[in-house]
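Trainee: I'd like to ask you about the structure that follows.
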Amino acid sequence: MWKKLFKGEPSSLPEGNLLYDRVNRTRLPQHTAVIMDGNGRWAEGRGLLRTAGHTAGVDALKQVLKVAIDLALPALTVYAFSTENWKRPHAEVDFLMHLFSDYLAREINEMDEDNVKLHFLGRIDELSPRLRQQARSAEEQTQNNTGVRFNVAMNYGGQDELLRAARQLAAEAQSGQLQPADIDAAAMERCLDTQGLPPVDFVIRTSGDMRLSNFLLWQAAYAEFWFTETNWPDFTPACFVDALVAFGQRDRRFGGLKNK
Ligand code: FPP
């Protein structure tokens, strides 16, 4: 199985597989969101360029997606590039954009074979024409897949997404399609990039910082959080399983009382 994961082959794991033995399959998150932090620190700790950390981060992502496929998680959303990440040096931004593009070119067919349904969150239309086209074509290629819904947030900011939704609702109200009093949670969710996805119930952040960094602000309202000191490139399938086991043990009350 490990061989399978590391080789990135489509896997159908037998029940009782060692890695997954500890996971309570009846208490898995419906929508896991991951802040893949610490690529730079991982590289700097090894005397490498920050970009080497991003390259290593791609391998970690591939393995985490495999776990999601093996366990049939309904939805996985990863934070690849925020609306604030443009403030980084031009060379790093450029490197990341090429990395995303290469990743899509290399992985899309295997994701498709694995029945993964890809979707992109954020201002995709402001990315380079090549990346934009790859993102749209990946969505189209996998649109009828019924497995893991894998969402990549690129040029994404939670506040920006809420502002875009507010503008859309205001325009609908102005044109008479909608009464202001009809703006409820369902109307809001219809205008978000995550339309049709379950609410985020689990947020994982690597590398020690404990903040949401403008990620899925609406969607994560009742999410459980899992923070680890591990830098993203070192986040192995076993680390992901640890997090999923912890999620299965959380007492989720949604503002109510236990067992009421
Ligand atoms: C954080 O590390 C990571 C990012 C800015 C996102 C990039 C993610 C990857 C390259 C993983 C693969 C993703 C895809 C979609 C192929 P950081 O640079 O903020 O680390 P630091 O906080 O240690 O500086």
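The values are calculated or read from the model by the stated rules, or taken from the named source; none is laboratory data. Bear in mind that the values here come from a model prediction, so they are computed numbers and not experimental data. Quick reminder, even Gly has a Cβ in these numbers, built from the backbone with ideal geometry, and neighbours come from all protein chains shown. To get the accessible areas, we keep the full protein, side chains included, count just its heavy atoms, and leave off ligands, DNA and RNA. Shrake-Rupley method; radii C 1.70, N 1.55, O 1.52, S 1.80 Å.
Trainee: Leaving out ligands, DNA and RNA, what percent of the accessible area of segment 55-185 is carbon and sulfur, probe 1.4 Å?
Mentor: 50 percent
Trainee: So for each of 241-251, 82-92 I average, over its residues, the number of other beta carbons within 10 Å; can you give me the resulting order with the highest mean first?
Mentor: Highest to lowest by the protection proxy: 241-251, 82-92.
Trainee: Given an 8 Å cut-off on Cα distances and at least 6 residues of separation, report the relative contact order of segment 147-260 as a percent. All intermediate terms of the calculation are to be shown ahead of the outcome.
Mentor: On the way: 88 pairs, mean separation 26.2, N = 114.
Once normalised by length, the contact order is 23 percent.
Trainee: Within a Cβ distance under 15 Å of G196, other residues only, what is the Lys/Arg minus Asp/Glu net charge?
Mentor: -1
Trainee: Under a Cβ-Cβ cut-off of 13 Å, what is the net charge of the residues other than D242 that fall near it, where Lys and Arg count +1 and Asp and Glu count -1?
Mentor: Counting the neighbours of D242, the net charge comes to -2.
Trainee: Could you provide, to the nearest whole Å², the per residue accessible area of segment 149-260 with probe 1.4 Å?
Mentor: So segment 149-260 comes to 50 Å² accessible per residue, rounded to a whole number.
Trainee: Calculate what fraction, in whole %, of the accessible area of segment 198-260 sits on carbon and sulfur atoms when a 1.4 Å probe is rolled over the protein chains. Before the final figure, lay out the partial values.
Mentor: On the way: 1650 of 3140 Å².
Ligands and nucleic acids excluded, carbon and sulfur reach 53 percent.
Trainee: With +1 on each Lys and Arg Cβ and -1 on each Asp and Glu Cβ, how big is the dipole of segment 193-249 about its Cα centre, in debye rounded to the nearest 20? Don't skip to the end; give the middle numbers.
Mentor: Details: 2 positive and 7 negative charges, 20 e Å.
I would put it at about 100 debye.
Trainee: Right, next: Mean separation of Cα pairs under 8 Å and 6+ residues apart, divided by the residue count of segment 165-223: what relative contact order is that in percent?
Mentor: Working: 30 pairs, mean separation 17.8, N = 59.
About 30 percent, as a whole number.
Trainee: Lys/Arg Cβ at +1, Asp/Glu Cβ at -1, dipole of the chain taken about the Cα centre: which of T228, A181, L257 is farthest positive-ward?
Mentor: Farthest along the dipole direction, towards plus: L257.
Trainee: Sticking with this structure for a sec: Considering the chain, what Rg and Dmax in Å follow from its alpha-carbon atoms?
Mentor: My reading of the Cα-based Rg and Dmax gives 18.7, 60 Å.
Trainee: So for the chain, averaging the separation of alpha carbon pairs under 8 Å that are six or more residues apart and normalising by length, what relative contact order in percent results?
Mentor: 27 percent
Trainee: Cα centroids of segment 32-64 and segment 76-101: how far apart, whole angstrom?
Mentor: Rounded to whole Å, the Cα centres lie 12 Å apart.
Trainee: Let me ask you something else. Can you compute 3J(HN,Hα) from phi for each residue in segment 103-120, using the Karplus curve 6.51 cos²θ - 1.76 cosθ + 1.60 with θ = phi - 60°, rounded to whole Hz and x for Gly and Pro?
Mentor: Using θ = phi - 60°, the values come out as 4, 5, 4, 7, 9, 4, 5, 5, 4, 4, 4, 7, 6, 7, 9, 8, 8, 10 Hz.
Trainee: State, to one decimal in nm², a quarter of the convex hull surface area for the C-alpha atoms of segment 135-232, i.e. the direction-averaged projected area.
Mentor: Its Cα hull, projected and averaged over all orientations, spans 8.1 nm².
Trainee: Follow-up. Rounded to the nearest 500 deg cm²/dmol, what is the calculated helix-only ellipticity per residue at 222 nm for the chain, with -39500 (n - 2.57) per DSSP H run of length n ≥ 4? Could you put the intermediate results ahead of the total?
Mentor: Numbers: 8 runs with 106 residues, N = 260.
Roughly -13000 deg cm²/dmol at 222 nm, from the helical runs in the chain.
Trainee: Okay, moving on. Any idea what the dipole of the chain comes to, in debye rounded to 20, about its Cα centre with Lys/Arg Cβ at +1 and Asp/Glu Cβ at -1?
Mentor: 460 debye
Trainee: Right, here's the next one. Taking a probe of 1.4 Å, how large is the accessible area per residue of segment 70-117, in Å²? Display every interim value, and only then the final one.
Mentor: Numbers: 2220 Å² over 48 residues.
Here the residues of segment 70-117 average 46 Å² of exposed surface.
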